[in-house]
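Working notes, structure below.
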Amino acid sequence: SIYNPDKKSSSGLIREYSDTTIWDNYTFYHNGKLPLNKNVLIKTIENFPGELYNKTEEERLYNNLFSLRQFKYVNILFQENKGYEDSVKGYLTGKIYLTMQVKQNYSIDIEGTNTSGNLGIAGNLNYQHRNLFGGAQIFDFKLRGATERQVSISGGNSSIYNMNEIGGEAKLSFPGFIFPVDEHKLKLYSMPFTYFSMAYNYQDRQNYTRTIVNATFGYQWKSTSNINHYFNLLDLNAVRIFRFDSTFFNSIQDLYIKYSYTNHIVSATNYSFIYNDQDLKKKPGYNYLRVNLEAAGNTLWLYNRISGQQSFNLDGTEATSENPGYYKIFDTRFAQYLKGDVE
């Protein structure tokens, strides 16, 4: 039941609704249009009609509903149905009372920067829609801009350069897995989420101008109250350099970071496992474990190798069979690696 907390009955919950929707053995009471897709609400329910009552399933129902980030309050009431009572078993009628959150919100942040005496200003515009298409889809959008005045001194002469940066990020997440999996059978702690994100960043610095594009598609879920999982099927990063100062480039030739300042693509699949039993209400100490696994470029490398694509040396010339070099996609070098780390 979607109810208005400002209009309460003697029991504290409103009993009058203008509309009723019956779907798949469930009855929805609401005023006006049902604000959430009924199938999304049914997906959160762990106590199915006709089954034996289970306290653990009720707790998962609470977790599922709160994880949707759509409700201010969630109240679940089970009452004995006197009409079906006998000496062996009884029947419970379950009612869920939900108070909707505000759909949209935004914030603006302004900050001043001071880097070794170089002053600057930055700003963020953040926007969120909690129920974009009526199915608990959460849309987040962030726009950021920054500029900083930098003074450099070389050979007794000073020069002034304004460093500018602008970027944006959009993310859409929705409850459940996108592939056909019954979330109830997985017995997860709360509702899993599927998410897509896109980000663009333009940087104009004294030594270079570059753009960074990122696209991500993956899943997030909690198997227990202490364990989180993040699985990105696709984590794509593309860096493009448009201007480069040769003096700066020569200064980092022998450093690993030089690859961050060359045109390249990273197409990766990664998984993160996080265990955290921190509970400030119960104990000051806690245990934390994070494990990351990532693979990048191996499928692209195998495709190029099998299809006989041309490979290149580090100086850009065509490689030979004795020294296969590296491959390109969209005329840009791509990274290939396997990586793991533990904290």
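The values are calculated or read from the model by the stated rules, or taken from the named source; none is laboratory data. This is a predicted model, so every value here is computed, not measured. For neighbour counting, all protein chains shown are included, and Cβ atoms are generated from backbone atoms with ideal geometry for every residue, glycine included. The area values use the complete protein model at the heavy-atom level, side chains included, leaving out ligands, DNA and RNA. Shrake-Rupley method; radii C 1.70, N 1.55, O 1.52, S 1.80 Å.
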Item to check | Computed label-point distance, nm, for sites Phe179 and Thr262 using a 7 Å Cα→Cβ extension | outcome: 3.5
Checklist outcome for this item: Expressed to one decimal in nm², the mean projection of the alpha carbon convex hull of segment 237-284 is 6.9
Next on the checklist: Under 19 Å between alpha carbons, and skipping anything fewer than 8 positions from Lys82 in its own chain: which lysines qualify?
Outcome noted: Lys95
Next on the checklist: Please report the accessible area of Glu59 (heavy atoms, 1.4 Å probe, ligands and nucleic acids excluded) in Å², nearest 10.
Outcome noted: 100
Item to check | GNM flexibility winner over the chain from Tyr271, Tyr230, Tyr106 (Cα, springs under 10 Å) | outcome: Tyr106
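First select every other residue whose beta carbon is under 12 angstrom from the beta carbon of Leu300; then total the charges, Lys and Arg +1, Asp and Glu -1.
On the way: positive: Arg305, Lys328, Arg333; negative: none.
Summing Lys/Arg as +1 and Asp/Glu as -1 gives +3.
May I ask you to rank Lys187, Lys222 by accessible area, largest first, using a 1.4 Å probe over the protein chains only?
Numbers: Lys187 110, Lys222 55 Å².
Sorted descending by solvent-accessible area, the residues read Lys187, Lys222.
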Item to check | In nm, spacing of pseudo-spin labels at Thr299 and Phe133 (7 Å Cα→C-beta vector) | outcome: 2.3
Item to check | Extension reserve of the Glu318-Asn162 stretch, reckoned as 0.36 nm per residue once the Cα distance is removed | outcome: 52.2 nm
Next on the checklist: Give the aspartates and glutamates whose C-alpha is closer than 16 Å to that of Lys328, dropping any in the same chain fewer than 8 places away, or say none.
Outcome noted: Asp315, Glu318
Checklist entry - To the nearest 10 square angstrom, what accessible area does Leu255 show with a 1.4 Å probe? => result 90
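Sort Asp245, Asp86 from largest to smallest accessible area, using a 1.4 Å probe on the heavy atoms of the protein chains. Don't skip to the end; give the middle numbers.
Working: Asp245 55, Asp86 85 Å².
Most to least solvent-accessible, the answer reads Asp86, Asp245.
Using a 1.4 Å probe on the protein heavy atoms, what percent of the accessible area of segment 160-301 belongs to carbon and sulfur? Could the numbers behind the result be given before it?
Details: 4710 of 8060 Å².
Ligands and nucleic acids excluded, carbon and sulfur reach 58 percent.
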Checklist entry - How compact and how long is the chain, expressed as Rg and Dmax of its alpha-carbon atoms in Å? => result 27.4, 98
Checklist outcome for this item: For Leu92, other-chain or 5+-apart residues with amide H closer than 5 Å (H placed, Pro excluded) are Asn81
Checklist entry - Under the rule of -39500 (n - 2.57) per DSSP H run of 4 or more residues, summed and divided by the residues of the chain, what mean residue ellipticity at 222 nm is obtained, to the nearest 500 deg cm²/dmol? => result -3000 deg cm²/dmol
Checklist entry - Mind checking which lysines have their C-alpha under 20 Å from Lys142, skipping anything on the same chain fewer than 8 residues away? => result Lys103, Lys171
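Could you give the length gained by full extension between Ile241 and Asn105, i.e. 0.36 nm per residue of separation minus their alpha carbon distance, to one decimal place? Working shown, then result.
Working: separation 136, 0.36 × 136 = 48.96 nm, distance 3.57 nm.
Gain in length upon complete extension: 45.4 nm.
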Checklist outcome for this item: Residues whose built amide H sits under 5 Å from the amide H of Ala136, excluding neighbours closer than 5 in sequence, are Asn37
Next on the checklist: What whole-number distance in Å separates the alpha-carbon centres of segment 217-270 and segment 117-144?
Outcome noted: 22
Checklist entry - Lys/Arg Cβ at +1, Asp/Glu Cβ at -1, dipole of the chain taken about the Cα centre: which of Leu132, Thr269, Ala296 is farthest positive-ward? => result Leu132
Item to check | Phi-based couplings in Hz for segment 218-228 (Karplus 6.51, -1.76, 1.60; Gly and Pro marked x) | outcome: x, 10, 9, 7, 10, 8, 9, 5, 10, 10, 10
